[in-house]
Amino acid sequence: LRAGGRVHRHEFAVAFEEFPDIRVGGPAFCSYNEEQIRPLLKECKESGVAPDFLSWHCYTRDPDEIISAADKARRLCDSFGFMNTELVIDEWHYIRKNSRDGIQGASSPEAMMRAREGREGCAGIDSAVFTTQVELGFHDTPLSKSHFYGCDVGGCWGYLDSFRRPNKTYYAMQAMGELMASCKERAMTRTAGRTLGAFGAWTADRRG
């Protein structure tokens with residue numbers, strides 16, 4: 001699917017009829033924006049085709065923003081009758097103050113330092129906590145899959161620092177992997193406020 005401009009119905013017909021085994025969807029919106037998504041789904045509906053998946057990016061420092069988008073997308077797709085359309089966040093990552101200043105261009109050397117290093121940097125402790133909270137929150141959403149951005153060994157998005165050492169985000173991912181590998185059953189948890197998150201799980205022998 002293409003974002004922007006007119007969607008040509010003939011293109012959809014060819015894609016779905018000639019290649020029935022190929023999954024057709026998209027279009028990797030740069031954010032979850034229903035003003036952009038709704039016209040695309042409307043065009044799909046009028047074309048008589050259901051997208052196999054809907055995808056978008058999310059870069060934020062608010063876990064609720066990224067977690068709640070899946071519920072919104074599910075309701076929107078269902079309103080057009082696309083109950084089987086999968087939901088995919090194809091890029092997501094913590095970003096300081098929801099700004100790319102210092103990452104893709106910088107207003108000052110200080111802005112670059114803040115965006116890339118320290119507590120609020122892309123791989124700092126705030127990013128690690130955000131990453132863990134988002135991954136835990138995904139379990140209670142209708143999201144089909146998500147893709148963390150990114151796994152490269154350079155730059156500020158990946159798992160390694162400039163000296164090729166694992167950064168704090170790496171350890172957040174590692175902890176989640178160990179939890180999912182050892183615990184297959186969830187426990188019901190509750191928290192007293194929005195600033196805290198809780199997640200409980202049991203090992204197979206129910207000892208941890």
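The values are calculated or read from the model by the stated rules, or taken from the named source; none is laboratory data. Keep in mind that what you see is a predicted model, and the values were worked out from it rather than measured. Heads up, the Cβs are rebuilt from the backbone with ideal geometry, glycines too, and the neighbour counts pull from every protein chain shown. Side chains are part of the model used for accessible areas, which takes the heavy atoms of the whole protein and leaves out ligands, DNA and RNA. Shrake-Rupley method; radii C 1.70, N 1.55, O 1.52, S 1.80 Å.
So what is the accessible area of the stretch 29-150 per residue, in Å², with the probe set to 1.4 Å?
Values: 5840 Å² over 122 residues.
Heavy-atom SASA per residue in the stretch 29-150 reads 48 Å².
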TODO: Quick one: dipole size for the stretch 135-178, taken about the Cα centre, charges +1 on Lys/Arg Cβ and -1 on Asp/Glu Cβ, in debye to the nearest 20.
DONE: 160
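Hey, got the dipole for the chain? About the Cα centre, +1 on K and R Cβ, -1 on D and E Cβ, debye to the nearest 20? Could the numbers behind the result be given before it?
Working: 27 positive and 29 negative charges, 111 e Å.
That gives the chain a dipole magnitude of about 540 debye.
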- [ ] Quick one: among 17, 65, 43, which has the greatest mean-square fluctuation in a GNM of the chain with alpha-carbon springs under 10 angstrom?
- [x] 17
TODO: Taking H placed 1.01 Å from N in the peptide plane, check which residues at least 5 places from residue 160 or on another chain put their amide H under 5 Å from its amide H.
DONE: 167
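What is the Rg over Rh value, at two decimals, for the chain, using alpha-carbon atoms and the Kirkwood definition of Rh?
My calculation of the ratio gives 1.02.
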Task: Spatial extent of the stretch 107-203: Rg and Dmax, with the Cα atoms as the point set, Å - done: 15.4, 49
- [ ] Tally up the carbon and sulfur contribution to the accessible surface of the chain as a whole percent, 1.4 Å probe, everything protein left in place.
- [x] 51
TODO: Please tell me the relative contact order of the chain in percent, rounded to the nearest whole number, where contacts are Cα pairs under 8 Å and at least six residues apart.
DONE: 15
Task: Computed magnitude of the charge dipole of the stretch 39-113 (debye, nearest 20; Cβ of K, R +1, Cβ of D, E -1) - done: 160
Open item on the list: Please compute the modelled spin-label separation between residue 186 and residue 36, points set 7 Å along Cα→Cβ, answer in nm with one decimal.
Closed with: 2.9
Open item on the list: Can you list, by residue number, the Cys in the chain that have no neighbouring cysteine C-beta under 4.7 Å?
Closed with: 30, 44, 58, 77, 151, 183
Task: Which of 29, 137, 187, positive extreme of dipole for the chain (C-beta unit charges) - done: 187
